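The values are calculated or read from the model by the stated rules, or taken from the named source; none is laboratory data. Quantities reported herein were computed from a predicted structural model and do not represent experimental measurements. With ideal geometry, Cβ positions are generated from the backbone for all residues, glycine too; neighbour counts draw on all protein chains shown. The area values use the complete protein model at the heavy-atom level, side chains included, leaving out ligands, DNA and RNA. Shrake-Rupley method; radii C 1.70, N 1.55, O 1.52, S 1.80 Å.
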Amino acid sequence: DTAVSQTPKYLVTQMGNDKSIKCEQNLGHDTMYWYKQDSKKFLKIMFSYNNKELIINETVPNRFSPKSPDKAHLNLHINSLELGDSAVYFCASSQGLGTYTIYFGEGSWLTVV
Amino acid sequence: DQQVKQNSPSLSVQEGRISILNCDYTNSMFDYFLWYKKYPAEGPTFLISISSIKDKNEDGRFTVFLNKSAKHLSLHIVPSQPGDSAVYFCAASGGDTDKLIFGTGTRLQVFP
């Protein structure tokens, strides 16, 4: 049973489109995250939600909007996709903020053409 | 500003030998450190962690060492196995941030 699952795993779309990536965790964790791994392999946090409340919002363009309908789900919606948005997006969760181990999903490979 | 650095992008080790992966950090407020392992087309998987109150933590073949004065940690894998071939990320958190800051990864290849 997958602990952190995200869909779709692969997504190819045209510039200007709007797309969503869904994430669910069945670990009973309170905190969920979106990370982005770019072409240089840097793994950087984008957003963090704790009990459905936005806690961390890095300097991400406002075309990216996370939505947490409940603490087991954190979806990522991206408007007006640009070529530079091509990356791997990882959803993750942890028991809480701070010194807790973070568990990652398998990643969603987004390619914007 | 890269607060967590893994200066070796790759490492090649013979099966059965020791693999040593290194990581340096700049923020002296970091107090929790982790190592993740990542296979291609998969997400990072938690491997082992250490808090700043310790200088060593061991779990089977994996040992993490922390040298706070040097702001350096290392992961030792003994003995190395071909299945250990993956990208290893170190990460750190603490101080004034709840964020987990990752290094850029080291690709380990264990050959027979």
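Of everything in region A:71-110, what is closer than 15 Å to A:Ser5 by Cα and away from chain B (no Cβ under 14 Å)? Give them in sequence order.
A:Lys71, A:Ala72, A:His73, A:Leu74, A:Asn75, A:Leu76
For A:Lys19, are the conditions met, namely being modelled with pLDDT under 95 and open to solvent by 50 Å² or more (accessible area, probe 1.4 Å)?
no
May I ask you to list the residues in region A:35-51 that are modelled with pLDDT under 85 and either closer than 17 Å to A:Gly96 by Cα or open to solvent by less than 70 Å² (accessible area, probe 1.4 Å) (or both)?
Across region A:35-51, the qualifying residue is only A:Phe42.
Give region B:40-66 a look and list any residue that's facing another protein chain (nearest Cβ under 10 Å), assigned to a loop (DSSP other than H, G, I, E, B) and touching a strand residue (DSSP E or B) at 6+ places or on another chain (Cβ under 6 Å), or say none.
Listed by number, the residues that qualify are B:Gly43, B:Pro44.
Quick one: which of B:Ser69, B:Ser93 is within 21 Å of A:Phe90 (Cβ to Cβ) and either hydroxyl-bearing (Ser, Thr, Tyr) or open to solvent by 10 Å² or more (accessible area, probe 1.4 Å) (or both)?
B:Ser93
Would you be able to say whether some residue in region B:82-96 is part of a loop (DSSP other than H, G, I, E, B) and away from every other protein chain (no Cβ under 14 Å)?
Taking every residue of region B:82-96 in turn, at least one turns out to be part of a loop (DSSP other than H, G, I, E, B) and away from every other protein chain (no Cβ under 14 Å).
Hey, can you tell me all the residues within region A:32-70 that are under 20 Å from A:Thr7 (Cα atoms), polar (S, T, N, Q) and without any contact (Cβ under 8 Å) to a residue 24 or more places away in the chain?
Residues of region A:32-70 that are under 20 Å from A:Thr7 (Cα atoms), as a first pass: A:32-38, A:43-49, A:52, A:63-70.
Within this subset, residues satisfying the condition of being polar (S, T, N, Q) are A:37, A:48, A:65, A:68.
Hit for region A:32-70 is A:Ser65, nothing else.
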